[in-house]
There are 2 protein chains.
Amino acid sequence: MNFVNRIVTKFTALSLLLLLTACANSQPVQDPLPSWTEGASKQRIMDFVHDVTTVGNADFVPANKRIATFDNDGTLWSEKPTYFQLMFILDRVRFMAADHPQWKTTQPFKAVLENDMATVKAAGARGMLELAMATHAGMTTEEFEIIVNDWLATARHPSTGQPFNAMVYQPMLELLDYLRANGFKVFIVSGGGLEFMRPWTEAVYGIPPDQVVGSSIETRYELRDGNPVLVRLPEMHFIDDKVTKPVAINRFIGQRPILAGGNSDGDFEMLKWTTSGKGKRLGLIVHHTDAVREWAYDRKSAEGRLARGLDEADENGWLLIDMANDWKVIFP
Amino acid sequence: MNFVNRIVTKFTALSLLLLLTACANSQPVQDPLPSWTEGASKQRIMDFVHDVTTVGNADFVPANKRIATFDNDGTLWSEKPTYFQLMFILDRVRFMAADHPQWKTTQPFKAVLENDMATVKAAGARGMLELAMATHAGMTTEEFEIIVNDWLATARHPSTGQPFNAMVYQPMLELLDYLRANGFKVFIVSGGGLEFMRPWTEAVYGIPPDQVVGSSIETRYELRDGNPVLVRLPEMHFIDDKVTKPVAINRFIGQRPILAGGNSDGDFEMLKWTTSGKGKRLGLIVHHTDAVREWAYDRKSAEGRLARGLDEADENGWLLIDMANDWKVIFP
């Protein structure tokens, strides 16, 4: 081989190397879950993802069947001192009160305006529904989206002073990214309102509107000045909680997830439905154990009550995530 | 520059070229819609896709807002001599008759078993609902999926002898692929049953189960021998037709489409909702004009009746696709 040929050969090899490197877009191996403490929880999640994504592995699952569903309140963002959507309702009642003078003398609105939370709570589910309908219905879907966005831009959490959608869990954001990077399609399946979540889930969680499943009210198509609108009606369409979470998963997603994450007994049936399927499955429960950095609560909490899930996690093989020990940081 | 340096320079340039070429994965320019006749319809579709996907263009739409929705019956597959789901219902009644001896003397089942289609039709919407519930409910969701798959594997269309899901429109398959290749997320929004479509839409249309919106019945979560199942109940949950198509789009997709395709007045409000949005939009109507290769029908048809859509297509700026002239081939 003469000198020129050796140069040519060398550069052809270099070309191939450059080509392979550039196209594989290879990067140094990074920890996909840096906010998770090294330990059994993190390892179990990573083992699961490895097992279902490795071609040839007995537990391999093709990408189009890698469905993951997550609850929202208490699983992806906080839910104390009460559900953030309830904070929104109370703010909206206060804001709308000027146009509804009768609320000053009508319960449960009167109690909201007087900041008498004991009476608000005493009004129960029926009172809550009344407050929800008064604040969530009567406008078009596009008007409601603006209302939610305006509230998120201005409202602040009472104890942290943060915007509510900044109170999301950094380790869970990493988990969502990690799953997507491994071919999972990630959905929210929440008791919260569909249209209360959709305006911001894509920016915050990377979850687009059509991958958000939740509770909903009825809407009606009508023409206004010849233009179609969808009007939000003061009537529940669907409550997405407990036994209806698998119903909603089937209706909206149409496949049984292979991974589900929740934090309360409202997620019990979603986890049961998910992990009872054939093949390798993973059920996760975020256990709120950190009174210093977030809140510590389970069996006796009005929000995110977790009792059966704690008692039956072991026999179902569900992974209890201990916020205090498994997460290095809570919020971004 | 000495000879060796010139060789090195030449091969470095070659490396870069190879690299750019390989990474762009460039291929000869192919016609994305080969089954569409060259002409105004094809051009309008391609202009629309060009305009909404070209960065810097006034009509540019980011990929996460490129939502396209299509009706199914008569838009993606045929609907003659009657809706294929009705053919399924009739076949199921015949198949299940041995276990339901009373059907021999009870209408509308008796008429189905006697192949007396006039009486079946005379039973109207109520009779149809009764037949639908008898054949679509009473089993688990997973059992129903097997039933649908078995039927599709064995049933044949009465005039073509083809499996029903082979009677899909090749030009529309190309359109779905073309849209996806341009970053669109493509959904079905059909009056047909959710769970009648989902078992096969991914294989045939490339549309996964969670991107199928349709009519549905109620389901109930229950445990059988400790294992959760979803049982299909003989009760309608939602009929996805006319004014409820935009309602379903909002509920399932959560964004207004920028492109919608239909073929009947059942799609009128979906097209209206889609094309009334801000920015560039496209509404398509498949007009069944080909009595030789498919069927020709519109204003007077029991299936896919199209009258208002024909009358108001122009003023709404909707593209009427003339099957006979715009499509070189109909079926794959």
Inset, instruction - Scan the stretch A:189-206 residue by residue and report those that are crowded, with 23+ Cβ neighbours inside 10 Å and aliphatic (A, V, I, L, M). - result: A:Val189, A:Leu194, A:Met197
Inset, instruction - Identify the single condition in (1) within 12 Å of chain A (Cβ to nearest Cβ); (2) open to solvent by 30 Å² or more (accessible area, probe 1.4 Å); (3) not in a loop (DSSP other than H, G, I, E, B) that B:Asp177 does not satisfy, given that it satisfies every other one. - result: (1)
Legend entry - Pairs with Cβ under 8 Å, 6+ apart, first in the stretch B:122-135 and free of Cβ contacts under 8 Å to residues at least 60 places away in the same chain and over 16 Å from B:Ala97 (Cβ atoms), second among the charged types (D, E, K, R) and open to solvent by 30 Å² or more (accessible area, probe 1.4 Å): B:Ala123/B:Glu130
Legend entry - Long-range neighbours under 9 Å by Cβ, at least six apart or interchain, first residue closer than 22 Å to B:Asp31 by Cβ within the stretch B:43-59, second part of a loop (DSSP other than H, G, I, E, B) and polar (S, T, N, Q): B:Val49/B:Asn182; B:His50/B:Asn57; B:His50/B:Asn182; B:Asp51/B:Asn57; B:Val52/B:Asn182; B:Thr53/B:Asn182
Inset, instruction - Just one of (1) more than 13 Å from chain A (Cβ to nearest Cβ); (2) of a type in the set (A, V, I, L, M, F, W, C); (3) open to solvent by 10 Å² or more (accessible area, probe 1.4 Å) trips up B:Leu259, so point out which. - result: (3)
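Is it fair to say B:Ile67 is among the hydrophobic types (A, V, I, L, M, F, W, C) and surrounded by fewer than 15 Cβ atoms within 10 Å (Cβ to Cβ)?
Values: among the hydrophobic types (A, V, I, L, M, F, W, C): yes; surrounded by fewer than 15 Cβ atoms within 10 Å (Cβ to Cβ): no.
The answer is no for B:Ile67.
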Legend entry - Residue satisfying all of: in the stretch B:270-280; touching a residue at least 60 places away in the same chain (Cβ under 8 Å) and in a loop (DSSP other than H, G, I, E, B); farthest from the other protein chains (Cβ to nearest Cβ) among these: B:Lys280
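Table: residues versus (1) within 12 Å of another protein chain (Cβ to nearest Cβ); (2) in contact with a Leu (Cβ under 8 Å, 6 or more places away or on another chain).
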residue: A:Pro209; (1), (2): yes, no
residue: A:Gly214; (1), (2): yes, yes
residue: A:Glu218; (1), (2): yes, yes
residue: A:Asn227; (1), (2): yes, no
residue: A:Pro234; (1), (2): no, no
residue: A:Lys245; (1), (2): yes, no
residue: A:Gly266; (1), (2): no, no
Inset, instruction - Run down B:Val61, B:Val49, B:Val55, B:Val8 and say which single residue is assigned to a helix (DSSP H, G or I) and at pLDDT 95 or above. - result: B:Val49
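Residues to consider are A:Ile239, A:Ile253, A:Ile249; find the one that is touching a strand residue (DSSP E or B) at 6+ places or on another chain (Cβ under 9 Å), within 14 Å of chain B (Cβ to nearest Cβ) and open to solvent by 10 Å² or more (accessible area, probe 1.4 Å).
Working: A:Ile253 fails: open to solvent by 10 Å² or more (accessible area, probe 1.4 Å); A:Ile249 fails: open to solvent by 10 Å² or more (accessible area, probe 1.4 Å).
Criteria check complete, one pass: A:Ile239.
Quick check on B:Gly283: is it in contact (Cβ under 8 Å) with a residue 12 or more places away in the chain, within 14 Å of chain A (Cβ to nearest Cβ), of a type in the set (Gly, Ala, Ser) and touching a strand residue (DSSP E or B) at 6+ places or on another chain (Cβ under 7 Å)?
Working: in contact (Cβ under 8 Å) with a residue 12 or more places away in the chain: yes; within 14 Å of chain A (Cβ to nearest Cβ): yes; of a type in the set (Gly, Ala, Ser): yes; touching a strand residue (DSSP E or B) at 6+ places or on another chain (Cβ under 7 Å): yes.
So B:Gly283 fits the description; yes.
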Legend entry - Failed item in (1) of a type in the set (S, T, N, Q); (2) over 21 Å from B:Asn263 (Cβ atoms); (3) open to solvent by 40 Å² or more (accessible area, probe 1.4 Å); (4) more than 21 Å from the chain's Cα centre (by Cα), with B:Thr219 passing the rest: (3)
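To keep it simple, each residue is scored yes or no on (1) at pLDDT below 95; (2) surrounded by fewer than 17 Cβ atoms within 10 Å (Cβ to Cβ); (3) within 16 Å of the chain's Cα centre (by Cα); (4) over 20 Å from B:Asp47 (Cβ atoms).
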site	(1), (2), (3), (4)
B:Glu269	no, no, no, yes
B:Val286	no, no, yes, no
B:Ala291	no, yes, no, yes
B:Ser301	no, no, no, yes
B:Arg305	no, no, no, yes
B:Asp311	no, yes, no, yes
B:Val329	no, yes, no, yes
Inset, instruction - Go through (1) more than 8 Å from chain A (Cβ to nearest Cβ); (2) surrounded by 20 or more Cβ atoms within 10 Å (Cβ to Cβ) and name the single condition B:Gly183 misses. - result: (2)
Inset, instruction - Could you grab me the full set of residues in the stretch B:65-118 that are over 21 Å from B:Gly283 (Cβ atoms) and in contact with a Pro (Cβ under 7 Å, 6 or more places away or on another chain)? - result: B:Pro81
Legend entry - Selection status of A:Lys121, modelled with pLDDT of 95 or more and away from chain B (no Cβ under 14 Å): no
Legend entry - Failed condition for A:Ser159, given (1) open to solvent by 30 Å² or more (accessible area, probe 1.4 Å); (2) in a helix (DSSP H, G or I): (2)
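The values are calculated or read from the model by the stated rules, or taken from the named source; none is laboratory data. These figures come from a predicted structure and were not determined experimentally. Note that we place each Cβ from the backbone using ideal geometry, even for glycine, and neighbour counts take in every protein chain shown. For the accessible areas, the whole protein counts, side chains as well, though only heavy atoms, and no ligand, DNA or RNA atoms are used. Shrake-Rupley method; radii C 1.70, N 1.55, O 1.52, S 1.80 Å.
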